[in-house]
Amino acid sequence: MARALEEPLELFGDINLTISMLNKEDNIIKEDIYSHLTTVVQNSDILDDAIVQQLIYYASKDMRDNNILREVRMLAGEVLVSLAAHDFNSVMYEVQNNFRILELPNEFVVLALAELATSYVSQSIPFMMMTLLTMQTMLRLAEEERMKEAFCVALEKFSKAIYKYVNHWRDFPYPRLDVNRLSDKIFMLFRYIMEKWATVTPTMNTLAIVKAHGPTVSLLLHREDLREYALDQVPWLLNQYKDKEIDFHVTQSLRQILSATVLYDICLPKHLRRSICLNLLQQVCRVPEPPEKENELEASSCFLILAHSNPADLVEFFDEQIRSNNEAIRMGVLSLLRSTVHAEEPKLREYVTSIERTVKFVTSDHSVKVRRSVLLLIQTMCEKSYIEPREGWPLIDYVFTQFSTSNKNLEKLIKSSSHEDEKGEKCVQETSLEVLKTLDPLVIGMPQVLWPRLLTFVVPAEYTGTLSHLFNMIRTLIMAEERKNSSDAESTALVVSTGAVKLPSPQQLLARLLVISMLASLGKLVGAGAIGLLKILPEIIHPKLADLWKTRLPELLQPLEGKNASIALWETMLLQLLKETLWKIGDVAWTIQLSRDFNHQMAGYSNTSTEKKFLWKALGTTLAYCQDTGFVSSQLREYLIAPNQLGDQRQGTTFILGYCAERHLDVVLKVLKAFQDRERFFMNRCKGLFSGKKKLSKTDVMVIYGMVALHAPKEQLLTRVEKEIMFPVLLLYTQCCQVLGMSVMTKDMDLQMSFIRSITEIGIAIHEAQEQEFKFAHKEVLLGYMLDFVRDEPLDSLATPIRWKALIAIRYLSKLKPQLSLKDNLSILEENIRRLLPLPSLEKLRNEGQTDQDKEHIKFLYERSMDALGKLLKTMIWDNVTEEACHEMFNLLRMWLVSPREWERERAFQLTAKILENDAEAPENFKIGALLGLLAPHSCDTLPTIRKAAVSSAIGLFFIKGIPLDMDRFQGMQEGVGCDDAEVQIKISSKLAKIVCKFIPSEEIRIFLEETLDGLETLNPTCTKACGIWMITALKEQGAGLEEQLLDILNTIYHHMPVLRQKEESFQFMLEAVSQITSFHADAVVANILQKPLPFDRDTKTLWKTLAENSASSGKLLPALLDKLDNELEDDIFTVETIPVACAMHEVVSAGTPVSGLYPELFTLLLKLVSCTLGQSIPTTFMSWRRQVLQHGETQTVPDPCRNRGLSLLRSMAMWQHGVILEIMDHLILSLTSSSESYRTTGTAFFSELMKEPILWKHGNLRDVLVLMDQSAWDSNAILRQMAIRGLGNTALGSPHKVKKHKQIMLESIIRGLYHLARTEVVCESLKALRKILELLTDRDVSFYFKEIVLQTRTFFEDEQDDVRLTAICLFENLASLTGRRWKIFYVEEIKKSMISFLLHLWDPNPKIGTACRDVLIVCIPFLGLQELCGVLDHLLDGQDLPRVRDFYRQFCVKLAKRNQEILWILHTHSFTFFSSHWEMIRSAAVKLTDSIILNLTSQYVELLDQEQLTTRLQALRQDPCISVQRAAEAALQTLLRRCKEISIPQ
């Protein structure tokens, strides 16, 4: 509801805005505003009253404003009238208020009143009297033409409104008004206008008066008292026919008046009616300017009204006018008659005969336009049943006659080149056909008119063009009669008209209909119509034919359903029907008459037409079935002596004698022999003239013999062909090739063609009749002739059909016995191929033609020659019984199939497609693999013809092999490869390969692959890609069954690798092929590649990499290699055979092959491999090849391939994963007990790392590993001990509770490692393991081992290995927490002994050791009760940079001296050993520390110093290489001297 209210609100807002703009003076804006308002007001159902009033005000004001443009005033008036739909009374009030008595109103006020009267008749009628009275007072005031025109418009509109009220007053919603008063006022206004204005007004006002005249007079005619006056005004209206712009409105007013006379049943005076008819006819027939179409239509409507009111007078008027010789009047009358008949005025049917006579009067008129108008009128009369049985036939006859006449006239006009007349005659011809097409023979009365007269038009040749419609009419009439006979209900009667009618004879009908039926093979409906007519006319042709034709004709029509039948097939069927018909009739006289009728109809067809050729054959067939041999013999002699009566004498006589030979071979041969004997002196190879008639030549007779042989009875032919047919032909040809008795090489193409034709037909005839024992003696001679013809043809042009026809002859001769040898067959084929395929391209051949016709002829010869060669190849290849012979013949095309010239490849593939058509039958063992590999890739060749032929050939191979394929699937592919898009071609080729490759016999896969590999080397890029696709697809489909051929296939591939490497894409396809094979036979392929020499060459590496990367093979490749490696390492012993496997695995894994599923096994085997190769060297046999290429004097350093590649693989392994590592553990646990020490070591190292993983302790079998680790910790192998101790130490991280549980055995094993002084790495590993374990134990747990650990740990504080020193110091720090009460004093003493090391190594070269010393000092000093020293150490730790050594030591010693001189003395006593340290910084620090100690010792301790020894050592250090040491020694020496001096110790 809300939405419904919103729309009016928006509308009102828009109108208010628009109204506010009406105050502007801009006319352009107002024009746009009023245009917009007109649309809004007319399309709005509801307008606010205030809005309406405003709009009325503005529209009325602007409409009356003379200062505004006229267009704007007109739009304002239109808006005002539109507002009446919303408030009529207000609008009428506004208009009437400006329409006052005795005041001349504004022009647009009058027009608005007129428009209101028309648009709102019901509301306006009550105001009409007042309006008319007011208007009556204004007419005398009107002086301007526009004002007068406005009043005329008002009179027109008021008259129309009142006229509507007069005739429909019952439909109005108020009581009836006095219409006479209204008509009185109209009368007075009209009379004033006619008397005062009509005689003196200009054209503009005349038009307004004419427009008002019709409505006004029509209104006045309802009053009898005013009727006479009204009719008296009609002549004035007729007199206005003088201006084309007014004529239409004059005619329109006339139509209104005539309609009123019919409405009020008024009979017009005869003179007035005639005047009206003449004027209206003049409007229709105006010359030279044609009438306006609207005016013509209005005039026709007037005549229709006149036909309704008085048809007799109108028909009489038409008859009178048509007798005029004026073409325009005749055409006009015929046109009016046609429209009148089409209107189906009931009263007019009484005058049908009169109309027919009127039409017949002009049938002799030769005018093209009149003839066409008559035809159109006849068409309408037939449609509306205006044809009478007695008078109607001449009109139907006229239609056929006009068609025939126009044909004859057109033949004349074409010669005279009169284009305008030719166009007219064609129009008449088309109209005649259109009349016949639309003619309904079952319209009432029409059957009586048409039947049987229509039959007279069937036979004459001039009516051939009408036969299609004629047959339809005859068939419709006969079928209607059949329906009437089979039903009691009334139907259209088919009654034979009385009177003499010369109907065609049955033989004429049969001859004509059979010949026309031949056109059905060309897709022409008239041919099917003729057959349909024969189907329903058997009894008219002959009473005996009803049953025969009832059965045979429906069968005959079947080939025509949905498509055209081939000409040869259709011709054969028609001739067979003729044979059966003649046999059924069995009447000699009837047959003789039919032959004569065939002969009589010869002239009706052109020599090149299909009908004429059939006519000759039908005549020959009729003579063949004529039992009167005398008549037949006489007819044949007549045709031989006077062949010109047949049209084309060679063709005619050839067909007639040939077809006659089917049943009269003896007669024909005798007639021919007699003719030759008689004409011996007149016949030559050229046509001559004798007795004024054309004669047959020797060449013609040769052709006749060939046709006679072709149609001779098969059972009689073989016994007579050599002597009575072949011998005369060769004799005639030899004679034609002689000049003055000498044989010469003739270039007469007609002679050669005739000879070839005759030989071909004889060959066909012998082949069809051939018996096993019959051998054609002339075969080799004739083949020689044919090959000579082919050889003589040029290799650079194609201008004659000799090559084509000779190929056909060779094909049929090759089928005859005796069979030629394979060598002869190959020679014949090769000769023919070499004479056709090397021809220039078709485009170049066509360019040799001078005209388009020449070019088309060359194209025709080319296509036919290729077809003939294809059929010859097909025949000779498949007639061989051995597959070797077939392949030998196929090989003749091989060089052409891969020719670099596109057109040669195209021809070769077209031939191949022809050879491999589906109907071919190959020998039993015929192999298709090689051919398929050769042909299929060309489905992506450069030319669409090649691609289509390649697809067709590939499919055909399977059919000839007897492998059925669904052709529907390939139909779209053959069309699709015609696309120029290479991607589409590849896609279709791939799809085809997927379908057919599964059907390739498995034993032929190898030769198929060989061909595709050859293609990869030689073909263009697109075909190369197709080669690869076909090869890969075949391997995908058939790879599983290649076990027996596998090695041969791989060797073939390896053989092609060097060449294919030069072509990247081809090489990739080759690699893909190996991958596909590997996907089915991984073990065999792997074993084969592993046999290649080491180190692997580039191709072998590429193979491994490809196999690894390809999804088809990668999944099986690694498992195969793993199995191979596992077998080789079964006894944990390295063998030579493992080297290639390791190298292969390196290539495979380096390529990124996913190993997740095989990771445990792979890792285990590689670990074993690495272990087993430790310390091994590569056998020299594997290096021999590489050494061969080294120059003299060069050396080759070869690392262990297994170790290096295995380690690189290990480094590339992913981080541990829970599931994977468990499987690895299961595989590798056996390594801990392996007989191979290296493998045990490797396994122990691996498990030592796993011991730190808690989750593996939870899910893995590490408890057993722990036991084995403990045992290995005592092994004599140092590395094995190291790994075992590491594993024991890592147990603290992975399973702390196991450490506590097995602490004793673990501590004993680890502490034992501390005594292995020869191998520092074992000691270091033991120290690290102790650190990890001791963190988990308490002082009670280690109490038994504490002293031993401390003592052994101290021994490594000065070890040369940083890691040992660092670990020992850190371990000593950790031991501080495990002293307990028992070992505290011991530990304090050990601290005093170790303190010198900690202090000095604060400046160790390794910063980590310095940090560790600071940490251990902080932990240990509290044990000595020297907490004050911690401040010094804290300062040391907190500083960003280390303090100076001397300063630190002096601070430290000052503090220490104050608390414990004893410890200071101990430091001094242990410092001497560090003077000889190999680290400069330690030596320097030791000297500086000694300096600080001496400085801070009490006098008591100074006296105890071994001054001599100390001095000696410091003196020695003054010579140290290190400057720092020298300076420190000098300073210390000075300090010593000074202290000694202080306490007076003698120096």
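Taking Rh as the Kirkwood radius computed over C-alpha pairs, what is the Stokes-Einstein D of the chain at 25 °C in a medium of viscosity 0.890 mPa s, expressed in µm² per second? Please report the intermediate quantities before stating the final value.
Numbers: Rh = 49.1 Å.
The diffusion coefficient I find is 50 µm²/s.
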Worksheet item: For helix 1523-1542, what angle does its Cα long axis make with the longest principal axis of the chain, in degrees from 0 to 90 and rounded to 10?
Response: 30
Practice prompt. Mind giving me the FRET efficiency for F774 and A461? R0 is 56 Å, r the Cβ-Cβ distance, nearest 0.05 is fine.
Written response: 0.75
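Compute the accessible area per residue over the range 1389-1547, keeping the other protein chains in place, probe 1.4 Å, unit Å². Don't skip to the answer; put the middle values down first.
Details: 7250 Å² over 159 residues.
Value returned for the range 1389-1547: 46 Å² of accessible area per residue.
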Worksheet item: For D1506 and K1301 in one chain, what is 0.36 nm times their gap in residues minus the Cα-Cα distance, to one decimal in nm?
Response: 68.5 nm
Response to the item:
Given the candidates V374, T353, V341, the one whose Cα lies deepest towards the positive end of the charge dipole of the range 316-398, counting +1 at each Lys or Arg C-beta and -1 at each Asp or Glu C-beta, is V374
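Could you tell me the relative contact order of the chain? Use alpha-carbon pairs under 8 Å, at least six residues apart, and round to a whole percent. Each step should come with its number before you reach the end.
Numbers: 1969 pairs, mean separation 37.0, N = 1547.
The normalised contact order for the chain reaches 2 percent.
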Worksheet item: Each label point is 7 Å from the Cα along the Cα-to-Cβ direction; what then is the distance between the points at E1249 and A982, in nm?
Response: 5.0
Worksheet item: For a label point 7 angstrom out from the Cα of E1462 toward its Cβ, which stretches of the range 1491-1516 have the backbone nitrogen within less than 15 Å?
Response: 1501
Worksheet item: Hey, with R₀ at 56 Å, roughly what FRET efficiency would I1311 and K1541 work out to, going by the Cβ-Cβ distance, to 0.05?
Response: 0.60
Response to the item:
Share of accessible surface on carbon and sulfur in the chain, whole %, 1.4 Å probe and ligands ignored, is 50
Fill in: Probe 1.4 Å, protein heavy atoms only - accessible area per residue of the range 129-211 in square angstrom
49
Response to the item:
Stretched fully, the stretch from E228 through S899 gains (0.36 nm per residue minus C-alpha distance, one decimal, in nm) 231.3 nm
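For the range 566-635, just say rounded, prolate or oblate: build the C-alpha gyration tensor, square-root its eigenvalues into a ≥ b ≥ c, call rounded for a/c under 1.5, and beyond that prolate if a/b exceeds b/c, oblate if not. Write down the numbers at each step before the final one.
On the way: a/c = 2.27, a/b = 1.33, b/c = 1.71.
In terms of gyration-tensor shape, oblate.
Over the range 92-160, what portion of Cα pair distances is larger than 20 Å, expressed as a whole percent? Numbers along the way, then the final one.
Numbers: 361 of 2346 pairs.
Summing the P(r) of the range 92-160 above 20 Å gives 15 percent of all pairs.
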Response to the item:
The Kirkwood hydrodynamic radius of the range 137-194, taken as the inverse of the mean 1/r over all distinct Cα pairs, in Å, comes to 12.6
Worksheet, complete the sentence: Counting only backbone N atoms under 20 Å from a point 7 Å out along Cα-to-Cβ of C1430, the residues of the range 1339-1365 in range are none
Fill in: Length released on extending from D440 to N67, taking residue separation times 0.36 nm less the Cα-Cα span
127.5 nm
Item to complete: Just report the Cα centroid separation between the range 990-1030 and the range 1449-1481, whole Å.
Response: 91
Practice prompt. Enter the angle in degrees (range 0 to 90, nearest 10) between the Cα long axis of helix 822-834 and the first principal axis of the Cα atoms of the chain, meaning the one along which they spread out most.
Written response: 80
Practice prompt. Treating only the Cβ atoms of Lys and Arg (+1) and Asp and Glu (-1) as charged, compute the dipole magnitude of the chain about its Cα centre; round to the nearest 20 debye.
Written response: 1960
Worksheet entry | Per residue solvent-accessible surface (Å²) - the range 818-971, probe of 1.4 Å | 43
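May I ask you to derive the FRET efficiency for V781 and N918 from their Cβ-Cβ distance with R0 = 51 Å, giving the value to the nearest 0.05? All intermediate terms of the calculation are to be shown ahead of the outcome.
Details: r = 36 Å, r/R0 = 0.70.
Plugging the Cβ-Cβ distance into 1/(1 + (r/R0)^6) gives 0.90.
Starting from the residue with the highest accessible area, list E1004, E296, E780 in decreasing order, probe 1.4 Å. Write down the numbers at each step before the final one.
Details: E1004 0, E296 45, E780 130 Å².
Ranking E1004, E296, E780 by accessible area, largest first, yields E780, E296, E1004.
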Practice prompt. Give the residue from A198, Q752, L1464 lying farthest towards the positive end of the charge dipole for the chain; charges sit on Cβ (+1 for Lys and Arg, -1 for Asp and Glu) and the dipole is referred to the Cα centre.
Written response: Q752
Response to the item:
In nm, the gap between the two label points placed 7 Å beyond Cα toward Cβ at R140 and W169 is 3.1
Worksheet entry | Given charges at beta-carbon only (K, R positive; D, E negative), |dipole| of the range 1270-1426 in Debye | 560
Worksheet, complete the sentence: For the chain, the longest principal axis of the Cα atoms and the Cα long axis of helix 1138-1150 enclose an angle in degrees, to the nearest 10, of 60
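The values are calculated or read from the model by the stated rules, or taken from the named source; none is laboratory data. Predicted model, so just to flag it, every value in this text is computed and none were measured. Cβ coordinates were reconstructed from backbone atoms using ideal geometry, including for glycine residues, and neighbour counts include every protein chain displayed. With ligands, DNA and RNA removed, areas are computed over all heavy atoms of the protein, side chains included. Shrake-Rupley method; radii C 1.70, N 1.55, O 1.52, S 1.80 Å.
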